[in-house]
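Below is one structure, written out as structure tokens; the observations come after it.
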Amino acid sequence: MPWHDEALVVSGEAARDCARHFIQRWNVHKADKYRFVESYPYLVPKSYSDEELFDHSVLNSILGEDRPAICVDAQCVRSVSFWSCGTQTIEHSIQNAYIRMIDNAQHFIYIENQFFISIAQDSTIKNGIGDALYRRIVRACIDKEKFRVYVIIPLLPGFSNVNAVQAVLYFIMRSINKGETSLFERLKQSGVTDPEEYISFYGMRNWDILMGSLVTEIIYVHSKLMIVDDRMCICGSANINDRSLQGSRDSEFCLVVNDIEMIDSTLNGQTQKVGKFCSTWRKKLFRQILGITNENDLNVDDPCSDEFYNYFRETARNNAQIYEEVFNTLPTNHIR
């Protein structure tokens with residue numbers, strides 16, 4: 001099964017903080033499990049001079065001459081607690097960052113994630129991502145704003161155990177559109193007559209000819225990425241589920257990036273200043289998803305416009321229909 005994943009390469013203060021987080025986690029587990037094992041030494045954080053800290057030559061050598069580094073404002077955020085990092089309090093700054101970024105979004109949100117499990121007013125699911133999206137979309141509806149949310153998730157969970165697949169699908173569908181507390185139903189109850197005018201969900205699939213036969217496979221989305229307004233993004237290890245976001249469970253690490261180098265672009269038909277890093281990343285992903293090999297074939301600058309949003313949705317709808325007719329694929333609306 002082919003995977004789709006996204007990651008960041010950083011240098012400077014953000015890279016130093018990444019290293020210190022790793023050292024903190026290493027030393028906690030060294031003390032807990034390998035205290036008397038000499039082959040697992042304690043690690044000591046390194047001190048850096050300003051000259052060393054802001055030397056980007058290594059980063060430039062990784063990226064190459066054709067991809068110069070872009071200067072950004074980066075902040076490390078985590079999900080950690082006593083068991084994972086030795087902290088006396090539970091830290092869920094990743095969830096805090098997601099919610100704040102969604103609340104502050106002005107034009108659009110683009111999400112890629114391995115999961116989308118977030119149910120408001122639920123006895124089991126506690127994270128607030130779905131509720132933040134609900135609030136922002138309702139606000140857009142009341143204020144008559146043009147606001148778009150694109151969400152890319154796997155078409156099916158990547159587990160071999162049937163019970164696990166069914167359980168994950170159950171919670172994902174309850175998060176999106178099944179039941180009164182799902183995102184779509186709550187939006188409808190709050191006056192958003194057509195939630196898909198604001199938010200839409202997609203999966204990825206590809207085809208090829210193998211040994212003379214036409215075959216297809218799901219492209220498994222493993223990214224944990226959100227880009228907002230082509231100005232800020234968050235990327236790292238955290239899924240949109242309680243395990244990653246509550247802080248007391250899985251240990252996770254992400255970077256929040258705010259652009260400081262601005263370029264001209266278009267959002268909602270208006271000329272806007274957008275971030276060089278975030279907009280470049282988002283446009284690359286849109287071209288990849290839509291199969292655009294020549295930048296001149298389709299302008300992906302404005303994800304808010306009716307023209308582009310409808311094109312994106314119609315392309316996905318047509319592709320889904322073709323795959324169903326040719327391969328009899330799952331999932332499908334014909335089986336509920």
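The values are calculated or read from the model by the stated rules, or taken from the named source; none is laboratory data. A quick note: this is a predicted structure, and the numbers were derived from the prediction, not measured. Cβ sites come from the backbone with ideal geometry, for glycine too, and all protein chains shown count toward neighbours.
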Can you find even one residue in the range 42-51 that is at pLDDT 95 or above, surrounded by 15 or more Cβ atoms within 10 Å (Cβ to Cβ) and either outside any helix (DSSP H, G or I) or acidic (D, E) (or both)?
-> yes
If we keep just the residues of the range 237-287 that are buried (at least 21 other Cβ atoms within 10 Å of the Cβ) and small (G, A, S), which is nearest to N96 (Cα to Cα)?
-> G247
Within the range 280-330, residues being among the charged types (D, E, K, R), closer than 17 Å to E197 by Cβ and in contact with a Leu (Cβ under 9 Å, 6 or more places away or on another chain) number 1
Selection over the range 282-336 where residues are within 24 Å of E145 (Cα to Cα) and among the acidic types (D, E) yields a count of 5
Got at least one residue in the range 18-25 being on the phi < 0 side of the Ramachandran plot, aromatic (F, W, Y) and either outside any helix (DSSP H, G or I) or more than 26 Å from the chain's Cα centre (by Cα) (or both)?
-> no
Checked S61, S11 against criteria (within 26 Å of the chain's Cα centre (by Cα) and either of a type in the set (S, T, Y) or surrounded by 15 or more Cβ atoms within 10 Å (Cβ to Cβ) (or both)); the one match is S11
Could we say that V77 is in a helix (DSSP H, G or I) and either modelled with pLDDT of 90 or more or aliphatic (A, V, I, L, M) (or both) here?
-> no
Can you name every residue in the range 263-297 that is in contact with a His (Cβ under 7 Å, 6 or more places away or on another chain) and at negative phi?
-> L267
Hey, could you check the range 229-269 for residues that are assigned to a strand (DSSP E or B) and among the small types (G, A, S) and say which is farthest from the chain's Cα centre (by Cα)?
-> S265
Show the residue pairs that are 6+ apart or on different chains and have beta-carbon atoms under 8 Å apart, the first residue being within the range 1-14 and outside any loop (DSSP other than H, G, I, E, B), the second being not aliphatic (A, V, I, L, M).
-> W3/Y220; W3/H222; H4/E112; H4/Y220; H4/H222; H4/S223; A14/Q75; A14/C76
Could you check, for the range 26-34, whether at least one of its residues is surrounded by 12 or more Cβ atoms within 10 Å (Cβ to Cβ) and within 26 Å of P303 (Cβ to Cβ)?
-> no
By residue number, the members of the range 178-201 that are of a type in the set (D, E, K, R) and under 14 Å from R148 (Cβ atoms) are D194, E196, E197
Within the range 299-327, track down each residue that is surrounded by fewer than 16 Cβ atoms within 10 Å (Cβ to Cβ) and either among the basic types (K, R) or assigned to a loop (DSSP other than H, G, I, E, B) (or both).
-> N299, R313, R317
Over the range 199-232, the set of residues closer than 30 Å to N104 by Cβ and of a type in the set (S, T, Y) is S200, Y202, S223
Answer yes or no as to whether D5 is modelled with pLDDT of 95 or more, among the charged types (D, E, K, R) and closer than 30 Å to D208 by Cα.
-> yes
Return the only residue of S190, S200, S182, S237 being over 21 Å from R139 (Cβ atoms) and among the hydroxyl-bearing types (S, T, Y).
-> S237
Number of the exception - K144 against (1) under 22 Å from the mean Cα position of the chain (by Cα); (2) free of Cβ contacts under 8 Å to residues at least 12 places away in the same chain; (3) within 30 Å of E307 (Cβ to Cβ) | (1)
